[in-house]
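A.B. asks: Questions regarding the structure given below will be posed in turn.
Each reported figure results from applying straightforward, stated rules to the coordinates on display, with no laboratory input. What you see is a predicted model; the values in this text were computed from it and never measured. Here Cβ is always computed from backbone atoms with ideal geometry, including for glycine, and neighbour counts include all displayed protein chains.
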Amino acid sequence: MDADAWDQRYSASELVWSREPNQFVATELADLPPGTAVDLAAGEGRNALWLASRGWSATAVDFSQVALDKGARLAGDLDVTWVRADATTWQPPALVDLVVMAYFQVPAADRRRAVRGAATMLAPGGTLLLVAHDSTNLAEGTGGPQDPAVLMSAEDVLADLEGIEVEVVRAERVAREVDAADEHGGTERRTAWDVLVRVVRAPEQA
């Protein structure tokens, strides 16, 4: 799906995703001290907005200008920078403390490029948090993309990071309860399966 298609999707409704952050983003990152953050493939920026509301200086990156404009209207005075760019290749002007990749569902080669780019934009000690629809969700869960080419496992993401010095904090399949109103298309009272990977960039060696 290209940027024009996403622009049309974001134009068709007030909010495609909820105003609240992803539940795993909120749970995993609630205790991190604020710093600089990047929300890759941010859409309308719900995670960037949440981070900014907690004192982070956030950058939301997406290739849909419509989504970014909607997020900017929601942001008010929050410290969020909105960048229209290809999230698989974009790099910030300086290293950051946190990168969030939430439901960035692209084919494996694009995912690998994005994941490696995300890890290398981290300052030493910085955190990368990836949450996405797990490969097993297609047969065992509900909602989400129906194309296995854009699904992944924790092992896939860790393989993407091969050769980059990181400490693995979490890398597993996690359950997410959804209902008919869920933005990812779940049916009522069903379990969706996500992949959650949280790593920390290793400190530089003396």
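A.B. asks: From the residues 93, 66, 144, which one has its Cα farthest along the dipole of the chain in the positive direction, the dipole being from +1 and -1 charges on Cβ of Lys/Arg and Asp/Glu about the Cα centre?
C.D. replies: Result: 93, furthest along the dipole toward the positive end.
A.B. asks: Which entry in (i) 11.0; (ii) 13.7; (iii) 11.9 matches mean projected area of the Cα convex hull in nm² derived from the coordinates of this structure?
C.D. replies: Among (i) 11.0; (ii) 13.7; (iii) 11.9, the one calculated here is (i).
A.B. asks: Using just the helices of the chain, give the 222 nm mean residue ellipticity in deg cm²/dmol: DSSP H runs with n ≥ 4 each add -39,500 (n - 2.57), and the total is spread over all residues, rounded to 500. Before the final figure, lay out each step's value.
C.D. replies: Working: 7 runs with 59 residues, N = 206.
Helix-only estimate at 222 nm: -8000 deg cm²/dmol.
A.B. asks: Hey, in the GNM for the chain with a 10 angstrom Cα cutoff, which one of 128, 95, 151 fluctuates hardest?
C.D. replies: 95
A.B. asks: Could I ask something else about it? What does the charge count near residue 114 come to, summing +1 for each Lys or Arg and -1 for each Asp or Glu among other residues with Cβ under 10 Å from its Cβ?
C.D. replies: +1
A.B. asks: Taking only C-alpha pairs under 8 Å that are 6+ residues apart, what is the relative contact order of the chain in percent?
C.D. replies: Relative contact order of the chain: 17 percent.
A.B. asks: Order these by the 10 Å Cβ neighbour count, fewest first: 46, 198.
C.D. replies: 198, 46
A.B. asks: Express in nm, to one decimal, how much length is gained between residue 53 and residue 165 on full extension, taking 0.36 nm for each residue of separation and deducting their alpha carbon distance.
C.D. replies: Extra length available between residue 53 and residue 165 comes to 37.3 nm.
A.B. asks: Report the charge-dipole magnitude of segment 52-206 in Debye, nearest 20, computed about the Cα centre from +1 at each Lys and Arg Cβ and -1 at each Asp and Glu Cβ.
C.D. replies: 200 debye
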